[in-house]
Amino acid sequence: MKHGRIQARPDIARFEGKTVYFVDGQSEEFDLIVCATGYHVSFPFLPPGLVPVKGSIAKLYGGCVLAEYKNLYIIGTSQLRYGFGPVVTPGMDLMARMMLAQDQMELPIGLVMKESGVRLPTTHLIDPHAALRSIQRGKRLLPLLLWKEKKLRKKLAAPATTPPVYPAKPATNPRVEVF
């Protein structure tokens, strides 16, 4: 924003395709919209309750995806000590890789992460060094998620096996004596 390449805009009245109509009557076409809500974690542009938030923590797998939806990526809800700077480029590289992986999956990548044991965050405060290690680990493990997605898809598609139903009273042959 300091350099003038990015400009803050008034509230959005509505969308029509790539055209954004603002409450002040202006409109313009955009390829990308970044909603900077500040440090208060809220998503006024999404249906209420879509993104679970507990206190200041957005409950997102990998810090960016939900288990229920494909192609919905929510970034920037964590607060990195010392600033976001060192994490932006590697983090966005991982995000791009996740999007490409999601394109190869039928199930939401967040569901695959959940079923693979990825935990939801317990704090919004992040150590940048730990974040960089997690990003590197995520890049290494991303191909494994593709494999796990196929396995999970088969598991979910398999018909549920139902236990055999036994009659309440076993049928007896009147000619057989039971002692």
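Only the coordinates and a few stated rules stand behind these numbers; no lab work does. Quick caveat, the model's predicted, so the values are computed rather than measured. For neighbour counting, all protein chains shown are included, and Cβ atoms are generated from backbone atoms with ideal geometry for every residue, glycine included.
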The ³J(HN,Hα) series, computed from each phi in the range 22-31 with the Karplus coefficients 6.51, -1.76 and 1.60 at θ = phi - 60°, rounded to the nearest Hz and given as x for glycine or proline, is 9, 5, 7, x, 6, 9, 7, 8, 9, 8
Per residue Cα convex hull volume in Å³ - calculated over the range 57-156: 86
Taking Arg140, Arg5 and counting other beta carbon atoms within 10 angstrom, the fewest-first order is Arg5, Arg140
P(r) for the range 1-121, please, calculated from all Cα pair distances in 5 Å bins and given in %. 2, 9, 16, 20, 20, 18, 11, 4, 1, 0
For labels at Leu50 and Phe30 in the simple 7 Å Cα→Cβ model, what's the distance in nm? 1.5
Give me Lys54, Lys155 sorted ascending by neighbouring Cβ count inside 10 Å, so fewest comes first. Lys155, Lys54
Once you put a point 7 Å from the Cα of Thr89 and another 7 Å from the Cα of Lys139, both along the Cβ direction, what distance in nm separates them? 1.1
Subset of Lys114/Lys148; Lys59/Lys150; Lys70/Lys151; Lys18/Lys59 violating a 22 Å alpha-carbon distance limit: Lys59/Lys150; Lys18/Lys59
